[in-house]
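What follows is a short report on a single structure.
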């Protein structure tokens with residue numbers, strides 16, 4: 001007896017004739033008995049609970065066990081099957097019952113697949129009815145409707161996912177799809193084939209963030225995870241890409257405060273305290289108008305569950321055309337059910353985020369905290385083993401990025417370490433690992449590119465007889481020297497020009513032409 005039957009028997013109020021098709025179940029089981037090759041065909045779609053009749057459930061389970069324990073057989077041996085059933089002490093399944101099923105067997109493969117779909121559809125209908133009954137009964141008993149809503153959402157997701165059956169694909173069909181993707185990239189004539197981060201050197205290594213990818217950005221507190229994420233999302237939005245942000249740690253007002261500081265180049269502390277001049281108020285209003293054009297959607301619901309997040313993400317993609325989602329941060333997402341084991345809960349959330357990226361076909365960025373193990377090393381540089389509370393994160397992620405600020409751990413940092421953040425690509429499923437260095441201006445909570453020698457990366461390259469060579473990262477010897485000089489100029493300008501309020505500085509740019517013709521731009 002299935003769960004729905006039990007619910008109905010407990011309460012006579014629910015007088016429902018449950019959807020089922022006994023003839024379809026008998027014909028499918030008969031097909032499994034008729035030809036052993038039909039067993040994997042049926043098992044690929046149906047499971048034990050998809051059958052309504054208890055005896056049909058039992059026989060289906062027995063046939064699967066028999067099939068896997070006798071993989072060398074090409075046919076169903078009735079004698080072996082009889083002994084197999086008797087060993088399990090099952091008396092309901094007789095020889096006459098099996099013979100009758102064989103006579104009702106579907107022998108045509110196409111018809112068999114159609115009948116399988118009928119059984120699956122009836123099972124889904126019963127599951128929906130079961131859920132409806134559960135909602136009615138438990139709504140009267142529950143004291144916390146939010147828990148019931150979470151359970152309902154979770155079970156709906158399970159019912160929906162159970163209905164998805166993706167079989168195998170023939171190699172030639174997959175090859176056609178992949179060649180089409182490559183041709184599409186070739187016609188774009190851009191090295192960035194995914195969603196660009198706005199940081200050229202980073203995009204060289206990753207070619208952007210790609211659909212179905214789970215991207216983990218992890219660091220210890222104080223490294224600038226949220227600022228880095230926000231800088232990237234702002235860069236993407238400037239390219240007319242709709243982005244979604246789920247902020248579990250900061251409120252939407254705090255996020256917008258950071259955006260305003262970054263875009264207006266006004267110290268965030270002064271914005272928080274209201275210590276701004278009339279000129280800066282005008283600048284903030286002008287900045288507001290510019291930011292209002294960006295398609296950035298923010299949800300700051302605290303303590304959100306993974307099921308809630310998946311539902312909200314689907315809505316953003318469907319209604320707003322969002323192409324990438326960022327979550328701040330992973331360990332704050334609650335699992336659907338409390339498991340009592342934090343590692344298992346984080347693993348469940350990680351698996352769900354990866355499933356969400358694949359389902360929506362968009363990149364999903366999740367910020368994550370690192371354990372204190374990093375601070376026990378002499379160089380404080382993070383490693384994959386530092387991912388906090390779950391090795392499942394490392395397994396699920398397609399791209400893992402660590403942020404490391406050497407100056408943060410030193411009383412007297414070296415000049416070349418000041419204002420520098422190492423963006424460490426520790427894992428990339430489809431590309432190389434490496435380190436990219438960015439400038440971090442903490443006053444504005446903003447990240448900036450150190451060198452713009454590859455500024456044409458986002459524009460179409462000119463037609464040439466020879467196609468562009470594959471990018472091979474190499475160290476820029478002038479990068480550290482450049483940023484020291486530029487940051488010095490920025491500091492001097494901030495002290496003398498900006499404080500004089502003589503010029504607007506929304507798009508203030510500092511460029512230094514070195515003797516080797518290297519151009520360095522810090523502020524975009």
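The values are calculated or read from the model by the stated rules, or taken from the named source; none is laboratory data. Just so it is clear, the structure is predicted and the values come from calculations on it, not from any experiment. Here the Cβ positions follow ideal geometry from the backbone for every residue, glycine too, while neighbour counts run over all protein chains shown.
Say whether the condition of being without any contact (Cβ under 8 Å) to a residue 40 or more places away in the chain and either surrounded by fewer than 19 Cβ atoms within 10 Å (Cβ to Cβ) or in the same structural domain as residue 263 (by TED's automatic domain parsing) (or both) is met by at least one residue in the range 305-317.
Within the range 305-317, one or more residues are without any contact (Cβ under 8 Å) to a residue 40 or more places away in the chain and either surrounded by fewer than 19 Cβ atoms within 10 Å (Cβ to Cβ) or in the same structural domain as residue 263 (by TED's automatic domain parsing) (or both).
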Exercise. Of 64, 33, 73, 59, which residue is surrounded by fewer than 16 Cβ atoms within 10 Å (Cβ to Cβ) and within 22 Å of residue 86 (Cα to Cα)?
Worked result: 73
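Suppose we filter the range 257-268 for residues that are part of a helix (DSSP H, G or I) and either surrounded by 18 or more Cβ atoms within 10 Å (Cβ to Cβ) or touching a residue at least 24 places away in the same chain (Cβ under 8 Å) (or both); how many remain? Steps first, please.
First, the residues of the range 257-268 that are part of a helix (DSSP H, G or I): 257-264, 268.
If we keep only those that are either surrounded by 18 or more Cβ atoms within 10 Å (Cβ to Cβ) or touching a residue at least 24 places away in the same chain (Cβ under 8 Å) (or both) too, we end up with 258-264, 268.
So the answer is 8.
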Problem set entry | Condition met for residue 276 (farther than 30 Å from residue 391 by Cβ and either touching a residue at least 40 places away in the same chain (Cβ under 8 Å) or assigned by TED's automatic domain parsing to the domain that holds residue 321 (or both)) | yes
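How many of the residues making up the range 46-84 are within 30 Å of residue 17 (Cβ to Cβ) and assigned to a loop (DSSP other than H, G, I, E, B)? Quick ask: steps written out before the conclusion?
Applying the first criterion (within 30 Å of residue 17 (Cβ to Cβ)) to the range 46-84 yields 46-64.
Applying the additional criterion that residues be assigned to a loop (DSSP other than H, G, I, E, B) yields 46-47, 51-53.
Within the range 46-84, residues that are within 30 Å of residue 17 (Cβ to Cβ) and assigned to a loop (DSSP other than H, G, I, E, B) number 5.
Which members of the range 393-421 meet the condition of being part of a loop (DSSP other than H, G, I, E, B) and surrounded by fewer than 20 Cβ atoms within 10 Å (Cβ to Cβ)?
In the first step, residues of the range 393-421 are kept if they are part of a loop (DSSP other than H, G, I, E, B); the result is 397-398, 405, 410-414, 418-419.
Hits for the range 393-421 are 410, 411, 412, 413, 414, 418.
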Seminar exercise, completed: residue 229 vs (1) within 17 Å of the chain's Cα centre (by Cα); (2) more than 28 Å from residue 381 (Cβ to Cβ): all pass except (2)
For this session: Run down 347, 357, 368, 326 and say which single residue is closer than 25 Å to residue 433 by Cβ, out of contact with any helix residue (DSSP H, G or I) (no Cβ under 8 Å at 6 or more places or on another chain) and surrounded by 20 or more Cβ atoms within 10 Å (Cβ to Cβ).
Result: 357
Exercise. Within the range 156-174, can one find any residue that is at pLDDT below 90, outside the structural domain of residue 333 (by TED's automatic domain parsing), in contact with a strand residue (DSSP E or B) (Cβ under 8 Å, 6 or more places away or on another chain) and assigned to a helix (DSSP H, G or I)?
Worked result: no
Problem set entry | Selection status of residue 288, touching a helix residue (DSSP H, G or I) at 6+ places or on another chain (Cβ under 8 Å), farther than 28 Å from residue 374 by Cβ, surrounded by fewer than 15 Cβ atoms within 10 Å (Cβ to Cβ) and free of Cβ contacts under 8 Å to residues at least 40 places away in the same chain | yes
For this session: State which residue is surrounded by the most Cβ atoms within 10 Å (Cβ to Cβ) when the search covers only the range 81-96 and only residues that are within 22 Å of residue 27 (Cβ to Cβ) and free of Cβ contacts under 8 Å to residues at least 12 places away in the same chain.
Result: 94
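Going through 27, 114 one at a time, which residue ends up being more than 26 Å from residue 153 (Cα to Cα), modelled with pLDDT of 85 or more and buried (at least 16 other Cβ atoms within 10 Å of the Cβ)?
Working: 114 fails: buried (at least 16 other Cβ atoms within 10 Å of the Cβ).
27 is the lone residue from the list that is more than 26 Å from residue 153 (Cα to Cα), modelled with pLDDT of 85 or more and buried (at least 16 other Cβ atoms within 10 Å of the Cβ).
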